[in-house]
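The values are calculated or read from the model by the stated rules, or taken from the named source; none is laboratory data. Source: prediction; values computed, not measured. Here the Cβ is made from the backbone with ideal geometry for all residues, glycine too, and neighbour counts use every protein chain on show.
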Amino acid sequence: MTEFKALSGHSTISLVIFDCDGVLVDSEILSQRVLLNMLKEIGVVVSEDYFLTNFLGFNFEHVTAKVFADFAITLTREFRQRYREALIDVFAEELQQTQHLDSVLSQLSVKSCVATSGSPAKVKHSLHYTKLEQYFDGRVFTSSEVENGKPAPDLFIHAAKQMGVARENCLVIEDSNAGISAALAANMHVIRYVGASHLKNKDVATKIHDDVSTIEHWEQLFEQVPSLSSSVKIER
């Protein structure tokens, strides 16, 4: 169920920071399918809920460490490379924007950027295949640029600094617990987006801080924060 809650101080927001996977692009369901199949081939059998709880929103270094901790199996460089190649092939055939995203991006009245745990190559392909490059040219930041990935706040702090915006004037849109925790640790506003396929009817990955607002459809973003819409400003 969507929770509509007032976003404190939203009138001061001058930068929206989008996560990529599961927010801009409906990729997590594809990543889950590819990774779980590859893990099964090497004897690591995990559930969808395990993926959502332990992998969603984290970089691959965390995934590697978690698999080793829980199954005593090392994901080699060769495994990671095969995973990346397989994922890119699937993205080329199946990856889509999240529904109605174009409408929101074209109406944003403030700066925007991407901050993702995915690799530079992965996010580049994601934005290319979904024709989102035009919205974020030169404004994409990845965990490879900071010391600590999500749930540490480093990536969001880095993105805000590069964009020249104070943390308190940033709004982060995230789908994962790790990303939401990172945004809150950075002292930024945050909204949870649960409209992508991997979170449909899934409570395990959406139970987090009670004070975080949730949207299921992109049009609800402007309902929560009207000041972000250029059309609203024009009407005034």
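Take the conditions touching a Cys at 6+ places or on another chain (Cβ under 6 Å) and under 19 Å from I180 (Cβ atoms) and apply them to T53. Does it pass? Quick ask: steps written out before the conclusion?
On the way: touching a Cys at 6+ places or on another chain (Cβ under 6 Å): no; under 19 Å from I180 (Cβ atoms): yes.
Here the answer is no, as T53 does not meet what is asked.
When you check L30 against the structure, is it within 19 Å of the chain's Cα centre (by Cα) and in a helix (DSSP H, G or I), yes or no?
yes
Can you work out which of the residues in the range 169-178 that are of a type outside the set (A, V, I, L, M, F, W, C) and modelled with pLDDT of 95 or more is farthest from the chain's Cα centre (by Cα)? Even if it seems obvious, please write down each step before you answer.
So the first thing to find is which residues in the range 169-178 are of a type outside the set (A, V, I, L, M, F, W, C), and the list is 169, 174-177.
Within this subset, residues satisfying the condition of being modelled with pLDDT of 95 or more are 169, 174.
Numbers: N169: 19, E174: 5 Å.
Among them, the one singled out is N169.
Find the helices (runs of 4 or more DSSP H) located wholly in the range 77-166 whose residues include 2 or more that are in the same structural domain as S14 (by TED's automatic domain parsing) and of a type in the set (S, T, Y), and list them.
The qualifying helices (runs of 4 or more DSSP H) are 101-107, 120-129.
Condition check: buried (at least 24 other Cβ atoms within 10 Å of the Cβ) and touching a helix residue (DSSP H, G or I) at 6+ places or on another chain (Cβ under 6 Å). Does C170 satisfy that?
yes
Scan the range 118-171 for residues that are over 26 Å from V63 (Cα atoms) and hydroxyl-bearing (S, T, Y) and jot them down.
Y135, the sole residue that qualifies.
Looking only at residues that are of a type in the set (S, T, N, Q) and under 14 Å from Y193 (Cα atoms) in the range 1-55, which one is modelled with the highest pLDDT?
Filtering the range 1-55 down to residues of a type in the set (S, T, N, Q) leaves 2, 8, 11-12, 14, 27, 31-32, 37, 47, 53-54.
Filter once more, keeping what is under 14 Å from Y193 (Cα atoms): 2, 27.
On the way: T2: 42, S27: 94.
Checking each candidate, the answer is S27.
Do we have V165 as touching a Leu at 6+ places or on another chain (Cβ under 6 Å), without any contact (Cβ under 8 Å) to a residue 60 or more places away in the chain, surrounded by fewer than 22 Cβ atoms within 10 Å (Cβ to Cβ) and of a type in the set (A, V, I, L, M, F, W, C) here? Working first, answer last.
Numbers: touching a Leu at 6+ places or on another chain (Cβ under 6 Å): yes; without any contact (Cβ under 8 Å) to a residue 60 or more places away in the chain: no; surrounded by fewer than 22 Cβ atoms within 10 Å (Cβ to Cβ): yes; of a type in the set (A, V, I, L, M, F, W, C): yes.
The answer is no for V165.
Within the range 173-188, which residues are crowded, with 22+ Cβ neighbours inside 10 Å and either among the small types (G, A, S) or touching a helix residue (DSSP H, G or I) at 6+ places or on another chain (Cβ under 9 Å) (or both)?
Once the filter is applied, which keeps residues that are crowded, with 22+ Cβ neighbours inside 10 Å and either among the small types (G, A, S) or touching a helix residue (DSSP H, G or I) at 6+ places or on another chain (Cβ under 9 Å) (or both), the range 173-188 yields I173, E174, D175, S176, N177, A178, G179, A182, A183, A186, M188.
Looking at the range 181-190, is at least one residue under 16 Å from I215 (Cβ atoms) and either among the small types (G, A, S) or part of a helix (DSSP H, G or I) (or both)?
The answer is yes; a qualifying residue exists.
All but one of (1) under 22 Å from H217 (Cβ atoms); (2) surrounded by fewer than 20 Cβ atoms within 10 Å (Cβ to Cβ) hold for L101; which doesn't?
(2)
Does V44 count as surrounded by 15 or more Cβ atoms within 10 Å (Cβ to Cβ), part of a helix (DSSP H, G or I) and not assigned by TED's automatic domain parsing to the domain that holds V114?
Here the answer is no, as V44 does not meet what is asked.
Would you confirm whether any residue within the range 52-69 is at positive phi, outside the structural domain of A178 (by TED's automatic domain parsing) and buried (at least 16 other Cβ atoms within 10 Å of the Cβ)?
yes
Restricting to the range 167-176, count the residues that are in a helix (DSSP H, G or I) and in contact with a strand residue (DSSP E or B) (Cβ under 9 Å, 6 or more places away or on another chain).
Within the range 167-176, residues that are in a helix (DSSP H, G or I) and in contact with a strand residue (DSSP E or B) (Cβ under 9 Å, 6 or more places away or on another chain) number 2.
So N148 fits all but one of (1) surrounded by fewer than 20 Cβ atoms within 10 Å (Cβ to Cβ); (2) more than 13 Å from S117 (Cβ to Cβ); (3) not basic (K, R); what number is the exception?
Going through (1) surrounded by fewer than 20 Cβ atoms within 10 Å (Cβ to Cβ); (2) more than 13 Å from S117 (Cβ to Cβ); (3) not basic (K, R) one by one, N148 breaks only (2).
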